[in-house]
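Okay, structure first, notes after.
What follows draws every value from the coordinates through simple rules; no lab data is involved. On a predicted model such as this, the values are computed, not experimentally measured, just so you know. Methodologically, a virtual Cβ is constructed for each residue, glycine included, from the backbone with ideal geometry; neighbour enumeration extends over all protein chains shown.
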């Protein structure tokens with residue numbers, strides 16, 4: 001008779017932190033920005049400097065310049081729309097996996113007002129136009145709008161999409177879908193203007209994976225990095241339908257790809273055979289930037305953000321809106337950095353009095369210094385109240 005493996009939070013958290021290269025940074029000789037980004041399943045890059053910090057903090061001796069080189073010079077990283085339809089840095093080598101998986105997730109209800117929506121036929125027209133016009137060049141949003149309108153009609157350029165106190169052209173509601181189809185990604189900025197291009201420039205012959213195979217591989221990678229986890233956790237991480245995720249996990253369990261464990265006495269899943277866990281608890285102090293992958297994907301939230309951490313470090317229940325202080329593997333504060341020339345003022349606010357013992361304060365000083373190195377500046381640490389609100 002097989003006994004179901006029991007996994008505690010301390011065991012799961014220790015393994016996750018180790019696999020996230022947060023227990024100790026990876027060696028620069030044995031890893032790379034692209035490898036780190038693959039290990040954490042993408043770096044949220046709506047604020048690009050936060051993604052650079054997320055990646056470089058996990059790679060010994062690395063700075064933001066190394067991440068930028070991987071993105072804009074070597075082409076080993078791609079800036080595109082990833083999980084949750086948000087801007088991410090992803091390894092270029094994994095783009096077939098991501099596009100195959102994301103393009104095959106069932107679409108939820110259309111959130112756009114009826115008068116702003118596009119028909120299925122119009123959507124396909126726009127996606128085809130995007131692929132065609134970006135095939136040989138990089139275009140700004142305005143240039144891409146003009147090119148799409150020329151190929152489809154004035155309806156595509158009508159400013160009906162509310163966004164950031166502005167009205168955007170109708171076609172932009174499918175920007176993330178174009179990325180998931182593999183016909184759009186970000187190009188280098190032109191001055192202060194964003195450009196879009198076609199990922200086939202960096203990956204000639206690139207083709208999205210078969211959807212079913214991509215979903216299997218993505219679940220395996222997710223559980224390797226963040227397991228044990230439930231289908232609901234996976235669905236929340238992707239912003240995918242919960243019923244679809246539950247059916248996917250059930251199918252993979254039947255195929256023997258994943259197996260169940262008891263995680264804090266509740267059902268959870270890991271990759272089949274991946275049931276070795278390090279002894280907890282985690283020790284150490286870490287500073288994680290906005291939307292760090294560990295803070296977003298690690299579940300359950302009430303254990304990662306215990307007690308008052310939930311109120312102080314989560315914005316309406318959403319992780320990532322505050323940079324967080326990790327102490328012994330759980331969120332114990334928030335922080336903020338402000339740059340002036342080479343000077344980087346780092347303010348850290350512990351949630352509970354007495355959190356920063358002398359030893360932890362020394363470790364925090366080292367972390368702040370490392371943040372300064374990554375950002376190619378000089379950090380100055382202050383322990384006190386963070387008055388900046390959550391990032392919108």
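For the chain, the Kirkwood hydrodynamic radius from C-alpha pairs, put into Stokes-Einstein at 20 °C and a viscosity of 1.002 mPa s, yields a diffusion coefficient of 97 µm² per second. Taken along the Cα-to-beta-carbon direction at a fixed 7 Å, the label points for residue 121 and residue 27 span 6.1 nm. Largest mean-square fluctuation among 53, 304, 262, in a Gaussian network model of the chain whose springs join Cα atoms under 10 Å apart, belongs to 262. For the chain, the longest principal axis of the C-alpha atoms and the axis of helix 141-152 are separated by about 40°.
In this structure, residue 93 and residue 60 have a Cβ-Cβ separation that, at R0 = 25 Å, corresponds to a calculated FRET efficiency of about 0.70.
Could you state the angle between the C-alpha long axis of helix 358-374 and the longest principal axis of the C-alpha atoms of the chain, as a value from 0 to 90 degrees rounded to the nearest 10? Taking Cα atoms only, the helix is inclined about 30 degrees. Working note: Cα atoms of region 265-332, range along each principal axis, descending, whole Å: 36, 25, 21. Looking at region 258-392, the DSSP beta bridges with both ends there are about 80 percent antiparallel. Subtracting the Cα-Cα distance of residue 343 and residue 4 from 0.36 nm times their residue separation leaves 116.8 nm of extension gain. Taking 15 Å as the cut-off, no amide N atom of region 144-169 comes nearer than this to a point 7 Å along the Cα-to-beta-carbon line of residue 107.
Go ahead and estimate [θ] at 222 nm for the chain from helices alone: -39,500 (n - 2.57) per DSSP H run with n ≥ 4, summed, over the residue count, rounded to 500. The helix-only estimate for the chain comes to -10500 deg cm²/dmol at 222 nm.
Scaled against 2.2 N^0.38 Å for its residue count N, the alpha carbon radius of gyration of region 209-271 is 1.01.
Placing a pseudo-label 7 Å from each Cα along the Cα-to-Cβ vector at residue 366 and residue 159 gives an inter-label distance of 5.4 nm. Taking 8 Å as the Cα distance limit and 6 or more residues as the minimum spacing, I'd like the relative contact order of region 148-268 as a percentage. Dividing the mean separation by the residue count of region 148-268 yields 11 percent. Once both labels are positioned 7 Å from their Cα atoms along Cα-to-Cβ, the gap between residue 250 and residue 275 label points is 2.3 nm.
Mean projected area of the Cα convex hull of region 120-202, taken over all directions, amounts to 5.3 nm². Between the helical axis of 120-133 and the longest alpha-carbon principal axis of the chain there is an angle of about 90 degrees. Each of 73, 8, 80, 145 has some number of other Cβ atoms within 10 Å of its Cβ, and from fewest to most they run 73, 8, 145, 80. So for region 285-383, what percent of the C-alpha to C-alpha distances run longer than 16 Å? Percentage above 16 Å: 52. Sketch the reach of a paramagnetic label on residue 128 as a point 7 Å from Cα along Cα-to-Cβ, and name the residues of region 144-166 whose backbone nitrogen lies under 13 Å away. Only 151-153 pass the distance filter.
Across region 13-201, Cα-Cα distances exceeding 22 Å account for 50% of all pairs.
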